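Working notes, beginning with the structure itself.
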Amino acid sequence: MEEQPIGILDSGVGGLTVVKEIFRQLPKEKVIYFGDTARCPYGPRPAEEVKEFTLEIVNFLVKQKVKMIVIACNTATAAALDTVKEKVNIPVVGVIGPGSLAAIKHTKTGKIGVIGTEGTIFSGAYEQTLKKINPKLSIVSQACPSLVPLVESGIQEKEEIKKIVNEALKPIAKKEIDSLILGCTHYPILSEYIQEVVGSHVKLLSSAEETAREVSTILHYQNIAAHHLNSSAHRFYTTGDPIHFKQIAEQWLGQKIEVESVNL
C-alpha cells in the first residue's frame, strides 16, 4: 500500500496548489490528480450537486487504487467531506480544517477574514470550524465568485487581473483583519494581486501547506508513506480541455506533465 498513489480532486486547476505543496513536502509520493474543469466552478452549484460530482470523482480515484483521498476543493469539502469519509475505507482529508488551523496559528488580533466561493461561504464551514476551536474569534466572510473563472481562464494580462481582483475584494479590504484565509484552492494562484488589495499588514493563509502537513502526518501514522521516489508516475486527469489544463498546470507546478481527458 505504501507505493500506491494519493488521489487529489478539485473542481479545476485550483487543487494544484495542494499538489505543489505535497510535491515539496512529500517528494516520494505518487499523485493522481483529477480536475473537473468541464463542470467548474462548483461554487454557484447546489450543495447536493457538488456532493454528487465529488462522489463520482472519488469512485474514479478509488478504482485507480489510491491509498488516500485529498478533497483539494473548499466547496467540495464543505458539501461532501463527511459523506466521502463514510463511503470509503481509506483516509480522507479536506482543506477547511487545515486552513482554519493555519489562521488560528497566525492571527494576533483574533480578527480573521475568509474569502471563498458562494458554496463555501454560504455553508458557514469556515466560521463553524474556527469558532469550534476558539469561540472568541471575530470572522468576516465574503464570497468572490469572479476569481475561480479568472484562474480557470488562464488570463495573463496583469492589468485585467488586477481590476477583477480589486473589484472582488473591495468590501473585505475595508475590514479590520490581520489574517485572510484564501478559502478556495484557486486563490493562491492570485496571491500577489490579493495581497496588493488587502495590504501588507494582512497575512494571507492558504490551506495547501497545512493540508500537505496533515497528509504527511496521516501517512506516517498509518505506516503507508512511500519509501521510494515515484515522481515519474504522477497522473493528471481532467473533464475539460487537456491542452488548456496542461498549460496552466505546467506553469504553476514548474514541470512538464501529461494530462488525460476523462468523461464521468
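Hey, could you check segment 181-213 for residues that are more than 21 Å from A78 (Cα to Cα) and of a type in the set (S, T, Y) and say which is surrounded by the most Cβ atoms within 10 Å (Cβ to Cβ)? Per the stated criteria, the residue is Y193.
The residues of segment 196-230 that are under 23 Å from S11 (Cα atoms) and touching a Pro at 6+ places or on another chain (Cβ under 9 Å), listed by number, are L204, S206, S207, A208, E209, E210, T211, A212, R213, E214, V215. Taking the listed residues I177, I194, the one that is within 28 Å of I71 (Cβ to Cβ) and part of a helix (DSSP H, G or I) is I194, with no other qualifying. Cβ-Cβ contacts under 9 Å between residues 6 or more apart (or on different chains), taken from a first residue in segment 135-162 that is surrounded by 12 or more Cβ atoms within 10 Å (Cβ to Cβ) to a second residue that is outside any helix (DSSP H, G or I) and acidic (D, E), are listed as S138/E176; V140/E176.
Taking the conditions (1) surrounded by fewer than 24 Cβ atoms within 10 Å (Cβ to Cβ); (2) touching a Ser or Thr at 6+ places or on another chain (Cβ under 6 Å) in turn, V31 satisfies each one other than (2). Residues of segment 227-264 that are among the hydroxyl-bearing types (S, T, Y), modelled with pLDDT of 95 or more and surrounded by fewer than 15 Cβ atoms within 10 Å (Cβ to Cβ): S261 alone.
Checked against (1) touching a strand residue (DSSP E or B) at 6+ places or on another chain (Cβ under 6 Å); (2) in a helix (DSSP H, G or I), S100 meets all criteria but (1). Answer yes if at least one residue in segment 48-55 is under 23 Å from H220 (Cα atoms) and either under 16 Å from the mean Cα position of the chain (by Cα) or outside the structural domain of S138 (by the TED database) (or both), and no otherwise. No: zero hits. What number of residues within segment 60-97 are over 30 Å from H201 (Cα atoms), assigned to a helix (DSSP H, G or I) and in contact with a helix residue (DSSP H, G or I) (Cβ under 8 Å, 6 or more places away or on another chain)? Of the residues in that region, 7 qualify. For first residues located in segment 95-115 and without any contact (Cβ under 8 Å) to a residue 60 or more places away in the chain, partners that are surrounded by fewer than 17 Cβ atoms within 10 Å (Cβ to Cβ) and lie 6+ apart or on another chain with Cβ distances below 7 Å form the pairs I104/I133; I104/N134; G110/K136; G110/S138. Being modelled with pLDDT of 95 or more and farther than 30 Å from A226 by Cα is a property that V114 has. Looking only at residues in segment 37-54 that are in contact with a helix residue (DSSP H, G or I) (Cβ under 6 Å, 6 or more places away or on another chain) and not in a helix (DSSP H, G or I), the one that is surrounded by the fewest Cβ atoms within 10 Å (Cβ to Cβ) is P44.
Quick one: would you say Q255 is out of contact with any Phe, Trp or Tyr (no Cβ under 6 Å at 6 or more places or on another chain), outside the structural domain of G14 (by the TED database) and either hydroxyl-bearing (S, T, Y) or free of Cβ contacts under 8 Å to residues at least 60 places away in the same chain (or both)?
no
Tell me yes or no: at least one residue of segment 186-198 is under 16 Å from F34 (Cα atoms) and of a type outside the set (A, V, I, L, M). Yes, because at least one residue in segment 186-198 is under 16 Å from F34 (Cα atoms) and of a type outside the set (A, V, I, L, M). Among the residues of segment 103-121, those identified as over 19 Å from T77 (Cβ atoms) and not in a helix (DSSP H, G or I) are T107, K108, T109, G110, K111. Restricted to segment 200-248, and to residues there that are in a strand (DSSP E or B) and polar (S, T, N, Q), the residue that is nearest to E21 (Cα to Cα) is S206.
The values are calculated or read from the model by the stated rules, or taken from the named source; none is laboratory data. Keep in mind that what you see is a predicted model, and the values were worked out from it rather than measured. Here the Cβ is made from the backbone with ideal geometry for all residues, glycine too, and neighbour counts use every protein chain on show.
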